[in-house]
Amino acid sequence: MQLSPDGKTLAGIDWQGDVQLWARDHDHLGAQLMTLPTQASYVFQISFGEKILASASEDGIVRLWNLTDGSLAKALVGHEGAVETVAFRPTVRPYKQQLLSGGIDGMLRLWAADGETLQHWRAHDQGVSAIAWNPKGTLIASGSTDKTVKIWADNGTLQHVLTG
């Protein structure tokens, strides 16, 4: 589940792998807004951006959805295998809208919202299962099935490794 940054839309993944969007504002509380037919065997995670939503899928594709009409805006291909996690970078100047994805290939990929790969690096020896940005968008935390959490600068430079 994800709540949009403005708090007006709730998104969830149904058992068929489609993303459902519901209204959370007072006028339409609980009304279903739309279904995004992801056409993936399974969607692991979703993340809201500005007027778009990203989905991380078992088929190895990060999909960007237009929240105005529910259309597929972009399909981002670059991971080898499933993409398990995705997170938009907090929108702070001087950054344009960007998102980060992590996959079972152990890679982190930083994308521009237009689909361009900005950078990528091997983050873990096993799959990346969780990622998070700090509020300023300058640090990344990535968690893995290799039992580590790593803290990265936004340029991919490793800062700290936590084990356990």
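The values are calculated or read from the model by the stated rules, or taken from the named source; none is laboratory data. From a predicted model like this one, the values you see are computed outputs, not experimental measurements. Methodologically, a virtual Cβ is constructed for each residue, glycine included, from the backbone with ideal geometry; neighbour enumeration extends over all protein chains shown. Accessible surface is based on the protein model in full, side chains and every heavy atom, while ligands, DNA and RNA are left aside. Shrake-Rupley method; radii C 1.70, N 1.55, O 1.52, S 1.80 Å.
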Leading residue by the ranking (surrounded by the most Cβ atoms within 10 Å (Cβ to Cβ)) among those in segment 138-150 that are in contact (Cβ under 8 Å) with a residue 12 or more places away in the chain and over 17 Å from PHE44 (Cα atoms): ILE140
Odd one out for ALA75 among (1) more than 22 Å from SER4 (Cα to Cα); (2) in a strand (DSSP E or B): (1)
Residue check for TRP111: on the phi < 0 side of the Ramachandran plot, among the aromatic types (Phe, Trp, Tyr), open to solvent by less than 10 Å² (accessible area, probe 1.4 Å) and in contact with a strand residue (DSSP E or B) (Cβ under 9 Å, 6 or more places away or on another chain): yes
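Please verify whether ALA130 is in contact with a Leu (Cβ under 8 Å, 6 or more places away or on another chain) and of a type outside the set (D, E, K, R), treating the condition exactly as stated. Break it down into steps so the answer makes sense when it comes.
Details: in contact with a Leu (Cβ under 8 Å, 6 or more places away or on another chain): no; of a type outside the set (D, E, K, R): yes.
Against the criterion (in contact with a Leu (Cβ under 8 Å, 6 or more places away or on another chain) and of a type outside the set (D, E, K, R)), ALA130 does not qualify.
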Residue check, LEU29 open to solvent by 20 Å² or more (accessible area, probe 1.4 Å), at pLDDT 90 or above and more than 30 Å from ASP146 (Cβ to Cβ): no
Within segment 79-93, tally of residues that are buried (at least 18 other Cβ atoms within 10 Å of the Cβ) and either at pLDDT below 95 or assigned to a loop (DSSP other than H, G, I, E, B) (or both): 3
Positions within segment 120-137 being open to solvent by 40 Å² or more (accessible area, probe 1.4 Å) and modelled with pLDDT under 95, in sequence order: PRO135, LYS136
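Scanning for something without any contact (Cβ under 8 Å) to a residue 24 or more places away in the chain, surrounded by 14 or more Cβ atoms within 10 Å (Cβ to Cβ) and not polar (S, T, N, Q), does segment 58-68 turn up at least one residue?
The answer is yes, given that some residue of segment 58-68 is without any contact (Cβ under 8 Å) to a residue 24 or more places away in the chain, surrounded by 14 or more Cβ atoms within 10 Å (Cβ to Cβ) and not polar (S, T, N, Q).
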